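Notes to accompany the following structure.
The values are calculated or read from the model by the stated rules, or taken from the named source; none is laboratory data. Since this is a predicted model, take the numbers as computed values, not measurements. Glycine also receives a Cβ, built like all others from the backbone with ideal geometry; neighbour counts cover every protein chain displayed. Heads up: the accessible areas ignore ligands, DNA and RNA and are worked out on the full protein's heavy atoms, side chains in. Shrake-Rupley method; radii C 1.70, N 1.55, O 1.52, S 1.80 Å.
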Amino acid sequence: MASVVDRLQAAKYTITGNDVSKTVGKATTHEMGAPKRKHLDYLIHATHEPNVSLPECADMLLTRIQDPSWVVSLKAMMSLHHLMNEGNEKFMRYMASKGNSFEFVSEKVGPMADDMTPFVNKYGHYLSEKCHSYRQATTDFIRVAKTNFLRQASPDKLLAYIPILQRQIDGIVNLELNSTDICTEICRAAFVLIFRDLIALFTIYNEGIINMLELFFEMEKKHARESFDLYKKFIVRMGKVENFLKVAEDAGID
């Protein structure tokens with residue numbers, strides 16, 4: 001059942017007559033659960049509509065991150081994550097231009113707030129890294145993961161993109177999430193979004209490293225040295241990725 005706060009929020013959006021605003025309110029209620037798929041689908045579709053302002057849509061969700069409730073904050077982040085991955089790429093571009101938009105006051109309220117606020121902070125940190133990666137690469141690695149983006153890339157392109165990929169992967173594996181972080185339905189749903197990002201990122205990362213090794217003996221000495229350093233970092237990240245996947249496996253996520 002919707003809380004009094006949620007009903008007042010819905011009434012406010014109804015008065016404005018703004019369907020996107022109304023859906024943002026419905027996607028980010030105080031109910032302990034992930035945003036409903038029908039609301040996410042509406043917002044994703046809206047990002048492709050010419051009469052919808054992408055900055056306004058994004059800013060409404062960013063405002064919800066500042067809500068005192070950790071549940072509302074987390075649901076707003078999850079909604080933004082879905083829109084960045086599945087919406088119009090212009091939405092991702094706008095989010096990348098916003099800088100550190102996922103920082104918020106750490107003192108949240110609501111049931112389990114003391115236990116769950118650290119997870120919300122970690123999730124927000126990763127989303128900031130995701131935006132930073134797009135700003136640097138001007139490419140959404142999640143969207144191009146299935147296109148062999150780096151499999152046939154030149155050495156210059158590999159040396160430009162692989163460090164950015166490494167940083168975004170670090171943004172996930174360095175969160176050091178564990179089973180206690182995903183003990184609720186809503187946190188589990190957020191973890192799945194992060195997990196899917198990692199799988200996509202590691203796919204393109206692995207393809208880039210394979211291509212780099214195949215080109216190694218054809219590279220200039222400087223590029224070869226840089227490539228060898230990147231390969232050593234790849235080996236280190238392999239272990240961290242395996243640890244993250246173990247957490248997912250233990251939680252029954254695949």
Seminar exercise, completed: Within the stretch 79-88, the residues that are over 15 Å from T63 (Cβ atoms) and aliphatic (A, V, I, L, M) are M84
Exercise. Taking the stretch 106-159 on its own, how many of its residues are β-branched (V, I, T) and farther than 21 Å from E31 by Cα?
Worked result: 5
Exercise. E185 passes all but one of (1) of a type in the set (D, E); (2) open to solvent by 40 Å² or more (accessible area, probe 1.4 Å); (3) modelled with pLDDT of 95 or more; which number fails?
Worked result: (3)
Exercise. Out of (1) under 18 Å from R135 (Cα atoms); (2) surrounded by fewer than 20 Cβ atoms within 10 Å (Cβ to Cβ); (3) in contact (Cβ under 8 Å) with a residue 40 or more places away in the chain, the odd one out for I172 is which?
Worked result: (2)
For this session: Hey, can you tell me all the residues within the stretch 151-169 that are of a type outside the set (V, I, T), under 26 Å from I253 (Cβ atoms) and either at pLDDT below 90 or open to solvent by less than 30 Å² (accessible area, probe 1.4 Å) (or both)?
Result: L165, Q166, Q168
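Do we have any residue at all in the stretch 204-227 that's within 30 Å of L40 (Cα to Cα) and of a type outside the set (D, E, K, R)?
yes
Mind telling me which of the residues N85, N121 ends up being closer than 23 Å to I142 by Cα, at pLDDT below 95, within 15 Å of the chain's Cα centre (by Cα) and among the polar types (S, T, N, Q)?
Every option except N121 fails the conditions.
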For this session: Answer yes or no as to whether M212 is surrounded by 12 or more Cβ atoms within 10 Å (Cβ to Cβ), closer than 16 Å to D156 by Cβ and at pLDDT below 95.
Result: no
